[in-house]
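Asker: Supplied in structure tokens, the structure appears directly below.
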Amino acid sequence: MNAKKKRRLMFAAALVAAGGALAAGIVWQLGQNTMYFRSPSDVASGQVRQGVAFRLGGLVADGSVHHGTGADVHFAVTDGKSDVPVDYHGVLPALFREGQGVVALGAMQPGGTFVATEVLAKHDEKYMPPEVVDSLKRSGRWKEGGT
């Protein structure tokens, strides 16, 4: 094999190695940014570790909304089987109210409370995230045509 062929082979090998490293980096980053959906029953059964970010979805439990000082809000998310207490500091969506569908982004804390960084409420009378619908159907609380 002459020098020209060796250079081409080394260049091709370097190109393949760089492409593989780039692909591995992309896959790793996508894995780091994945946020899973969990229901209150999933949380109660211990499927979620403390400090790991995930989406908690269900219904805002009746009688659970309490406003603290400033923008602090405490409420519970339920799927009919289990309730998870939620602490949130911020402005709630205009459609947020008891008995309505909600998805909160955040993580569990050592005391068993979910600390939300963002709270999303359903945007009209018919819509509810598919994950929340599936969770409510599993718990038997789903009513066709809405909540």
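Asker: Given the -39500 (n - 2.57) contribution per DSSP H run of 4+ residues, what per-residue ellipticity at 222 nm results for the chain, rounded to the nearest 500 deg cm²/dmol? Numbers along the way, then the final one.
Answerer: Details: 3 runs with 45 residues, N = 147.
Calculated from helices alone, the mean residue ellipticity at 222 nm is -10000 deg cm²/dmol.
Asker: For labels at L22 and V115 in the simple 7 Å Cα→Cβ model, what's the distance in nm?
Answerer: 3.9 nm
Asker: In what sequence do T78, T117, T69 fall when counting other Cβ within 10 Å, fewest first?
Answerer: Working: T78 22, T117 12, T69 5.
Result, fewest neighbours first: T69, T117, T78.
Asker: Sticking with this structure for a sec: Roughly how big is region 36-139's charge dipole about its Cα centre, with Cβ charges of +1 (Lys, Arg) and -1 (Asp, Glu), in debye to the nearest 20?
Answerer: Values: 9 positive and 12 negative charges, 53 e Å.
Dipole size: approximately 260 debye.
Asker: Along the positive direction of the dipole of the chain (beta-carbon charges: Lys, Arg +1; Asp, Glu -1; about the Cα centre), which of A24, P40, G58 reaches farthest?
Answerer: A24
Asker: Suppose each label sits 7 Å from its Cα in the direction of the beta carbon; what would the R49-K137 distance come out to in nanometres?
Answerer: The two pseudo-label positions are separated by 3.1 nm.
Asker: A follow-up question, please. Of the listed values (1) 1.36; (2) 1.17; (3) 1.55, identify the label whose number matches Cα Rg over 2.2 N^0.38 Å calculated from this model.
Answerer: So the structure-derived entry is (3).
Asker: If the elastic network links every pair of Cα atoms under 10 Å, which of P130, P85, P93 fluctuates the most in the Gaussian network model of the chain?
Answerer: P130
Each reported figure results from applying straightforward, stated rules to the coordinates on display, with no laboratory input. Note that this is a predicted model, so its numbers are computed, not measured. Here Cβ is always computed from backbone atoms with ideal geometry, including for glycine, and neighbour counts include all displayed protein chains.
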